[in-house]
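Novice: Can you read through this structure? Questions will come right after.
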Amino acid sequence: MGTLAYRKILDLHTHTDNSFDGNHSTMYMCERAELAGLRGIAFTDHVEIDIYHQHAFDRRAKQSYFEINKAKAAFYGRLAIFAGVELGEATYDIPTAEALLNTLRYDFVIGSIHNLRGEEDFCFLDVENCTDEEIREILLEYFEEERQLAKWGKVDTIGHLTYPLRYIVGEHGRAVDLRDYSAEIEAVLREIIHSGIALEINTSGLFQQLGSTMPGEDIVSTYRHLGGELITIGSDAHYGEHLGRGIQEGMALAERCGFHKLTFFQDREPIQIRME
Ligand SMILES: [Zn+2]
Ligand SMILES: [Zn+2]
């Protein structure tokens, strides 16, 4: 077994103040990452493709990318830094997503779905006024969007699969039995495997009312049984103090599901390292 610091080796999902919900500068995050004993960090500021033009994400994306590369130079030899992006709703406007990915040379791209087409983020979902049938419709549509994102396959990992549960189950206490969605979830996982991309274990939910990773252990285990091999782990930290949070728990979960290696990406190429 490695030391504590070694176990917290990589955090592959983090936000700086170049994300609308971030709080700390890229440089400060790097200092905190080093203090937390991390060996490497991927900065993955938000670029929401479905509202890209209205919200000037082109400027934000360039600013984030520029500051990450500045930090790469400043921390050279001390901390491995990966230029990433959390690409939201990429499949809702594929030409815009492809143009961005062709413009900036990212190391690592997380694909996320934060809202259904034409809707707001799931955090604004009026759960109290939804019937069970409406919740089911929303989740079916959500898993179908995740399947399409995985099938498109031009991201490196699928971020926080089951994100709507953070609000539906976590914040509103509405019971959802994921066994009722097993066929749809398996379809997502099969597309991930077919596209040769990774599945993220997002550890932020461990510290929220949801109380579990996104996705949870059952889904990670199913991914393994279906032949999945690539796992990325990220804290989704929005504060320097949260860097590396839950990474050890995420690695332990991956090991319980039969994974022995973690994956990170450099120049959009997967690199696997043993978890030991
Ligand atoms: Zn996200
Ligand atoms: Zn995020």
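Novice: Can you check what the net charge comes to around L189, using other residues whose Cβ is under 13 Å from the Cβ of L189 (Lys, Arg +1; Asp, Glu -1)?
Specialist: On the way: positive: R147, K151, R190, R224; negative: E146, E184, E186, E191, E200, D218, E229.
Surrounding charge for L189 is -3.
Novice: Could I ask something else about it? Cβ under 9 Å from H13's Cβ, H13 left aside: what net charge do those residues give with Lys, Arg +1 and Asp, Glu -1?
Specialist: Working: positive: none; negative: D11, E86, E200, D236.
So the environment of H13 carries a net charge of -4.
Novice: Continuing with the same structure: Taking segment 67-141, which GluC sites (Glu not before Pro) meet the DSSP loop condition and have no more than 14 other C-beta atoms within 10 Å?
Specialist: Within segment 67-141, the qualifying GluC sites (Glu not before Pro) (loop, at most 14 other Cβ atoms within 10 Å) are E119, E120.
Novice: Non-local amide H neighbours of F43 (under 5 Å, H modeled in plane, Pro and chain starts lacking H): which ones?
Specialist: Amide H neighbours of F43, under 5 Å, 5+ apart: F82, G84.
Novice: So what's the gap between the Cα centers of segment 162-200 and segment 1-80, to the nearest angstrom?
Specialist: Here the two parts' Cα centres lie 26 Å apart.
Novice: Counting only residues 5 or more places away or on other chains, whose amide H sits under 5 Å from the amide H of I113 once H atoms are built in the peptide plane?
Specialist: E89
Novice: Ranked highest first by average number of other Cβ atoms within 10 Å, how do 193-199, 174-180, 159-165, 256-262 line up?
Specialist: Numbers: 193-199: 19.6, 174-180: 12.0, 159-165: 26.0, 256-262: 16.4.
Ranking the peptides 193-199, 174-180, 159-165, 256-262 by packing returns 159-165, 193-199, 256-262, 174-180.
Novice: Next question, about the same structure. Trypsin sites (Lys or Arg not before Pro), restricted to segment 61-136: which are DSSP loop and have at most 12 other Cβ atoms within 10 Å? List each step's numbers first, then the result.
Specialist: Numbers: sites: K62, K70, K72, R78, R105, R117, R136; in loops: R78, R105, R117.
In loop regions of segment 61-136 (DSSP not H, G, I, E or B), the sparsely surrounded trypsin sites (Lys or Arg not before Pro) are R78, R105, R117.
Novice: Using a 10 Å cut-off around each Cβ, can you sort M29, M275 from fewest to most neighbouring Cβ atoms? Don't skip to the answer; put the middle values down first.
Specialist: Working: M29 29, M275 18.
Ranked by crowding around the Cβ, least crowded first: M275, M29.
Quick note: the coordinates plus some simple rules give every number you see, no bench work behind them. Because the structure is a prediction, the values reported are computed rather than measured. Heads up, the Cβs are rebuilt from the backbone with ideal geometry, glycines too, and the neighbour counts pull from every protein chain shown.
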